[in-house]
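Every read-out reported here was derived from the displayed coordinates using simple, explicitly stated rules and does not represent laboratory data. Keep in mind the model is a prediction, meaning the values are calculated, not measured. Methodologically, a virtual Cβ is constructed for each residue, glycine included, from the backbone with ideal geometry; neighbour enumeration extends over all protein chains shown.
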Amino acid sequence: MNATISSIGLNSYEEGLIQGHLKILNTKTRDFWSYVGAGDDADLVITRKPVSTSGEAKVAILAEDGFRKAKNNLYYLGESLRIFSLLELLLDIEHDTSEDPLFSSSSITTCAASSIHDFCAALPTSERFEILVNNQPCCQVLFDQGEWKAASHQTKTDVISQLSNGHIRFNEQPSDIGLAATLTVKELLWELGAKHSTNRLSQTHQYRISSWPLFGTWYSAPYMARLSALYSKRFASIDDGVRFSGASPAQVQAFLSACHLCDLGLQKRPVLEPSDKDQLARPEPQTLTKGLLHGLRKKLGMAFSHD
Amino acid sequence: MLGENLAFPPTLKMKCDSVLNDFASSENHLSFLSLSTADGYSLSHSDPAHVELNFRRISAMASSFAGISKELARETHHPAMEGSIIECQTGFLVCRLLKTEHLDAVLLGVFNNESNHGIALWTLNNIAKSITDMLNVYK
Amino acid sequence: MINGTKILFIGPMGAGKTTAITCISDDPPIKTEASNSARHISDKQTTTVAMDFGRIYMDQFNAIDLYGIPGQEHFDFLWPILEKGALGAIFLLNCDTTDQIIQNSLEKFCNDFSRLRDNSAIVIALNRANENAVSLCHNWLRENNIVLPVLMADPRNRDDIIMTLELLIATAEVDLLPEGEIHDAG
Ligand SMILES: Nc1nc2c(ncn2[C@@H]2O[C@H](COP(=O)(O)OP(=O)(O)OP(=O)(O)O)[C@@H](O)[C@H]2O)c(=O)[nH]1
Ligand SMILES: [Mg+2]
């Protein structure tokens, strides 16, 4: 998709800066963004002062000290037009306009987690950045041995609880805190999603994943083994997941949100026939194997037991 | 592969090849011989006339067979298994375990229907003794 | 008569198949160990030459039969024989080696046990592994469009092996759900 940016009240240096940034950012963004010059006829208008635009255009004001989304169509971009802020802005707009959103509503936690996810995906691996929660430094993120990892003075539990509660911001020029990065960002996102997400997923759709989460490495609860088995083998609805795993609907939705955050290939499709909905409720008895597996679980004291 | 291994140098292999070939050609009822490590690597074999054989597979199978036989014997309270026999309409296959100072080996002799149990076992025992002596002497 | 469901332990030499089966079997397992002459591949006293066999009894009629393959490639003639009728496999892999060897083993065993792979009936259990090895396997699976669980497990540790069995059973149980939806999936 092509998307356009115009500006109001910017000097020629700033216009050049936008064009320069776009050359780099267009390899990172979903859409192809082009700068069309001064005016208000574009998908995104960058200005120095608040303006009113006609129609659907998003407005980004060069004020405050970094990126912030103020309202649905209004953003603050920071005074100095940094490339990172512009990237955050473009990703956010693309996120808003994605055609078939996976989630019918996103929780604050998942917004934070998904912006960390998108930020890592878009950044060159040579960069490092800092995540601030309510303007306090929380952790630094850098690319190490093929993966984005986080370093922090705080414990993993503290980092996760902060990220799940506050308003997050990125600082792209952090000073080196001289700590080894030990926690992978995936592990962080997984736990944020699986424990704290309150995303709502459509009940009339089925979901499937194309990779398993990392058991033993990432946070896991007993019902997750069965959810992973189910959704990795076939499309299934939220209700199916609830019945098959014994988890609550909220846990199933959080699990799928975590899968999405960790790029486990979450897919979605409408339920094909109405009768599909009840299928898992009435499994045909294949007593032999079923009884055996049940017996094994009982004997070995496995965590999940249906009855 | 062990053929190129320290445990079984090329000169020893040549010696074994020649001993096995001598036995195989001097005994009419003996089709061929194969010597492998107890864990299934081919060490040496005689060159059977008129047939293509895959000695990598034969060695692996002989050691599996010996392994199962040994376990079956142990399970039935006969712990010191020495060998086992497969009887066919067209002949016999006889496996023997060889314990030497440096290595455990499996010797397989394949006999045609000119042979019988007694002759086959007696012949293979003799061959086993020669090979064991040779392997024990070799440093 | 005891009705046994077969679970297979696969993986290269020294991966810990015999160790794992010994660790969880109710009876002392049947082993076919012979002196190991390939100490340069895996430095241990013995290696399996035919199979391992152990059993977990559920009740007086039902058991889980645990079969271990001999991991060395010259025994691959036995693999399809042992694989017959298996519900699934636990694929053990020793990661104390190069990335290349790990990838080669993944490829070899996923191909040689393709029926189980295609039915997602394999759990990959890495030992002597760190998180890098886990990511390596995870990435390899993705690149090859193979959907299997990966975890770290020490074959000497009963709880670890039971955790792997639990994952395997969870995937098997998905197949017990009604047929209808399975056709739609994918
Ligand atoms: N230190 C350590 N040793 C391990 C670990 N896992 C396995 N081992 C050792 O590795 C060896 C594995 O050997 P086996 O169980 O015979 O391996 P196998 O897979 O049966 O191998 P083959 O039968 O030869 O194909 C044993 O000596 C184990 O004690 C581990 O996580 N840490
Ligand atoms: Mg073994």
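Only four residue types carry charge here, +1 at the Cβ of Lys and Arg and -1 at the Cβ of Asp and Glu. Report the dipole size of the protein assembly as shown about the Cα centre in Debye, rounded to the nearest 20. Show your work: numbers first, answer last.
Values: 54 positive and 75 negative charges, 171 e Å.
About 820 debye.
Give the calculated FRET efficiency between A:Ile83 and C:Asn130 to the nearest 0.05, with a Förster radius of 35 Å applied to their Cβ-Cβ distance. Please report the intermediate quantities before stating the final value.
Values: r = 35 Å, r/R0 = 1.00.
With R0 = 35 Å, the Cβ-Cβ based efficiency is 0.50.
Over the alpha-carbon set of the protein assembly as shown, work out the extent along each principal axis and list the three values in angstrom, largest first.
The Cα atoms of the protein assembly as shown stretch 107, 57, 45 Å along the principal axes, largest first.
For the pair C:Arg39 and C:Asp96, how long in nm is the line joining their label points, each one 7 Å along Cα→Cβ?
1.6 nm
Give the long-range amide H neighbours of A:Thr4: residues separated by 5 or more places, or on another chain, with amide H under 5 Å away, using H modelled in the peptide plane at 1.01 Å from N.
A:Ser34, A:Asp43, A:Leu44
Using helices alone, what [θ] at 222 nm do you get for the protein assembly as shown, with -39,500 (n - 2.57) per DSSP H run of 4 or more residues, divided over all residues and rounded to the nearest 500? Mind dumping the intermediate values first?
Details: 19 runs with 234 residues, N = 632.
Helix-only estimate at 222 nm: -11500 deg cm²/dmol.
If contacts are Cα pairs under 8 angstrom and at least 6 residues apart, what is the relative contact order of region A:104-194 in percent?
It rounds to 34 percent for region A:104-194.
Please compute P(r) over all alpha-carbon pairs of region A:104-194, binned at 10 Å starting from zero, and give each bin as a whole-number percent.
17, 58, 23, 2, 0
Quick one: what are the phi-derived ³J(HN,Hα) couplings along region A:236-243, Karplus 6.51/-1.76/1.60 with θ = phi - 60°, whole Hz, x for glycine and proline?
Along region A:236-243, the couplings run 8, 7, 4, 4, 4, x, 4, 5 Hz.
Please give the charge dipole size of region A:2-96, origin at the Cα centre, charges +1 on K and R Cβ atoms and -1 on D and E Cβ atoms. Round to the nearest 20 debye.
On the way: 10 positive and 14 negative charges, 31 e Å.
Computed about the Cα centre, the dipole is about 160 debye.
What's the extension gain from A:Asp158 to A:Ser52 if we count 0.36 nm per residue and subtract their Cα-Cα distance? Write out the running numbers ahead of the final one.
Numbers: separation 106, 0.36 × 106 = 38.16 nm, distance 4.19 nm.
Length difference between fully extended and current span is 34.0 nm.
Enumerate the lysines that C:Lys6 could reach by cross-link, defined here as Cα to Cα under 17 Å, with residues fewer than 8 away along the same chain left out.
Excluding near neighbours in sequence, the set is A:Lys290, A:Lys299, C:Lys17, C:Lys31, C:Lys84.
Hey, with R₀ at 45 Å, roughly what FRET efficiency would A:Ser126 and C:Ser114 work out to, going by the Cβ-Cβ distance, to 0.05?
Values: r = 41 Å, r/R0 = 0.90.
The computed FRET efficiency comes out at 0.65.
What FRET efficiency do you get for B:Asp133 and B:Ser25 if R0 is 25 Å and r is their Cβ-Cβ distance, rounded to the nearest 0.05? Please report the intermediate quantities before stating the final value.
Working: r = 20 Å, r/R0 = 0.81.
The computed FRET efficiency comes out at 0.75.
At C:Asn104 and A:Ala70, where each label point lies 7 Å from the Cα along Cα→Cβ, what is the point-to-point distance in nanometres?
6.3 nm
Placing +1 at every Lys and Arg Cβ and -1 at every Asp and Glu Cβ, with all other atoms neutral, what dipole size does region B:19-139 have around its Cα centre, in debye to the nearest 20?
Values: 8 positive and 13 negative charges, 45 e Å.
Roughly 220 debye for region B:19-139.
For region B:69-139 and region A:120-170, compute the distance between their C-alpha centroids and round to whole Å.
68 Å
Any idea what the relative contact order of region A:2-96 is, in percent, if you count C-alpha pairs under 8 Å spaced at least 6 apart?
Contact order relative to length: 25 percent.
Based on alpha-carbon positions alone, could you give the equivalent ellipsoid semi-axes of chain B from the gyration tensor, as √(5λ), descending, whole Å?
Values: eigenvalues 88, 76, 39 Å².
Values for chain B, descending: 21, 20, 14 Å.
Hey, quick one: spin label on A:Ala250, modelled 7 Å out along Cα-Cβ, who in region A:206-235 has an amide N within reach, i.e. under 20 Å?
It comes to A:219-225, A:227, nothing else.
Near A:Lys71, which lysines are there with a Cα under 28 Å away, not counting those fewer than 8 places off in the same chain?
Result set, ordered by chain and number: A:Lys23, A:Lys28, A:Lys49, A:Lys58, A:Lys195.
What nm value, rounded to one decimal, do you get for the distance between B:Val51 and C:Arg158 when each label is placed 7 Å out toward the C-beta?
Taking the two extended label points, one gets 4.9 nm.
Give me the inter-chain shielding for C:113-121: mean count of other chain Cβ atoms within 10 Å, whole number please. Write out the running numbers ahead of the final one.
Working: counts 0, 0, 0, 0, 0, 0, 1, 5, 1.
So the per-residue partner count for this stretch is 1.
Please list, by residue number, everything in region B:77-101 whose backbone N is under 15 Å from a paramagnetic label point 7 Å out along Cα→Cβ of B:Glu114.
Under 15 Å, as judged by backbone N against the label point of B:Glu114, lie B:91-92 of region B:77-101.
Would you mind calculating the relative contact order of region C:66-186 from Cα pairs under 8 angstrom and at least 6 residues apart, reporting the percent as a whole number? Intermediate values should be presented prior to the final figure.
Numbers: 120 pairs, mean separation 29.6, N = 121.
In percent, rounded to a whole number, it is 24.
Give the long-range amide H neighbours of C:Asn127: residues separated by 5 or more places, or on another chain, with amide H under 5 Å away, using H modelled in the peptide plane at 1.01 Å from N.
Long-range HN contacts for C:Asn127: C:Leu93, C:Asn94, C:Cys95, C:Ala153.
Just counting partner chain Cβ atoms within 10 Å, what average do the residues of peptide C:70-81 show around their Cβ?
Values: counts 6, 0, 4, 2, 13, 8, 2, 6, 3, 0, 0, 0.
Mean number of neighbouring Cβ atoms from other chains: 4.
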